[in-house]
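What follows is a set of notes on a single structure, which appears directly below.
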Amino acid sequence: MRDAAKSLVTNDWRNITGSYAQRGLGERLKDRLSEGASDLADDTSEFAQENPGVIETGFALTLAAAVGWLFREEIAESLQELWDRDWF
């Protein structure tokens, strides 16, 4: 019985090491990363289809932030003029 168990472990070890020798670590890493990227793309697509309002709001906020950043000096000057104005 001990010899049979040892034989099973030895055969399993040969299969594992043979599999690694056949496909290198880089190839396995590439496969794993491509599977992860594919899953992420699927999840993102599914989220976008289920939540179009969230996507539109995020796009609008990003666009507003970009415009604000591009015209930050003009906006700051206008706000400073309003602040310095004598309202009374």
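The values are calculated or read from the model by the stated rules, or taken from the named source; none is laboratory data. As the structure is a prediction and not an experimental result, all values here were calculated from the model. Using ideal geometry, Cβ is built from the backbone for each residue, glycine included, and neighbour counts are taken over all protein chains shown. Just the protein is used for accessible areas: all its heavy atoms, side chains included, with ligands, DNA and RNA removed. Shrake-Rupley method; radii C 1.70, N 1.55, O 1.52, S 1.80 Å.
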ask   = Counting only heavy atoms of protein chains, what accessible area per residue, in Å², does the chain have with a probe of 1.4 Å?
value = 95 Å²
Alpha-carbon Rg/Rh ratio, for the chain, with Rh computed the Kirkwood way = 1.53
request  = Go ahead and estimate [θ] at 222 nm for the chain from helices alone: -39,500 (n - 2.57) per DSSP H run with n ≥ 4, summed, over the residue count, rounded to 500.
outcome  = -31000 deg cm²/dmol
query = According to a simple spin-label model (label point 7 Å from Cα along Cα-to-Cβ), what is the distance in nm between T44 and Q80?
reply = 4.0 nm
query = At a 1.4 Å probe radius, carbon and sulfur cover how many percent of the accessible area of the chain?
reply = 61 percent
